[in-house]
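Working notes for the structure below.
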Amino acid sequence: MSGLATLPPALMFSHFGINCTDVPRLEAFYTRVLGFAVSDKGLIDDGRKHITFMTRRPREHHQFVLAGGHPAGKPSTISETGFKAPDLAELRRIKAMLEREPEVSDIATADHGISWTLYFRDPEKIRTSVSVETGLYAPQPKAWPLDLALSDGEIRCETERRCRASAGFMARSEWRARKEREFRADGRLTGEATPTGHAAPDFDPP
């Protein structure tokens, strides 16, 4: 029994939620601009506050939740929400979309070595990021300039040069393999499966 008690719980990250001031406003932004779909919505706290559940894949009822109640004018305590994109072309397309949005502010980009990341603030000034993995690893934190006007090849070459000059550089696949061994030995590796045949790691369905 003592052995079972010391094992970490069988968990994997599922979703995150933010408290906001104007749920319908943010719902409109995240569905129209970032492509989320509303999976459920309603009222909480005796009908005084809105709540919206959103997802990008139906096998997850919700990946992102907007809950009302945050005081107007009070800065958010959320450090950042983060999303992933498949490649630099999509990152450029998202950046161009955001630049046409009057409610979006503080658009910036950074080369972190492990990712190329686009940052912005949503209509309630919550910092948001969209990242593309580079396939490389350099110890974090790193934040080098990223110019998306350059070609994919130019960006990749510069990122690899920077990473190779960093102590501890390795391929991301090697870093993942090392962490998998460490986490497995420590009982902290979440089992992954692809029951649908797609690259969407998750627990096996019931």
Looking only at segment 124-143, how many residues end up being among the hydrophobic types (A, V, I, L, M, F, W, C), over 20 Å from Phe64 (Cβ atoms) and surrounded by 14 or more Cβ atoms within 10 Å (Cβ to Cβ)? 2
Tabulated pairs, segment 102-123, first open to solvent by less than 20 Å² (accessible area, probe 1.4 Å), second outside any strand (DSSP E or B) and of a type in the set (Phe, Trp, Tyr), C-beta under 7 angstrom, 6+ apart or interchain: Asp122/Phe29; Pro123/Phe29
Among the candidates Lys84, Lys49, residue that is closer than 17 Å to Gly17 by Cβ, open to solvent by 60 Å² or more (accessible area, probe 1.4 Å) and at pLDDT below 95: Lys49
Just to check your reading of the model, which residue among Cys157, Cys163 is over 30 Å from Leu7 (Cβ atoms) and open to solvent by 70 Å² or more (accessible area, probe 1.4 Å)? Cys157
Look at segment 139-172 and say how many of its residues are in a loop (DSSP other than H, G, I, E, B), farther than 23 Å from Lys95 by Cβ and within 23 Å of the chain's Cα centre (by Cα). 1
With respect to Ile78, determine if the residue is out of contact with any Ser or Thr (no Cβ under 8 Å at 6 or more places or on another chain), more than 24 Å from Thr134 (Cβ to Cβ) and among the β-branched types (Val, Ile, Thr). yes
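The values are calculated or read from the model by the stated rules, or taken from the named source; none is laboratory data. Since the model is a prediction, treat every value here as computed from it, not as a measurement. Reconstructed Cβ throughout: ideal geometry from the backbone, glycine too, with neighbour counts over all protein chains shown. For accessibility, only protein heavy atoms count, side chains too; no ligands or nucleic acids. Shrake-Rupley method; radii C 1.70, N 1.55, O 1.52, S 1.80 Å.
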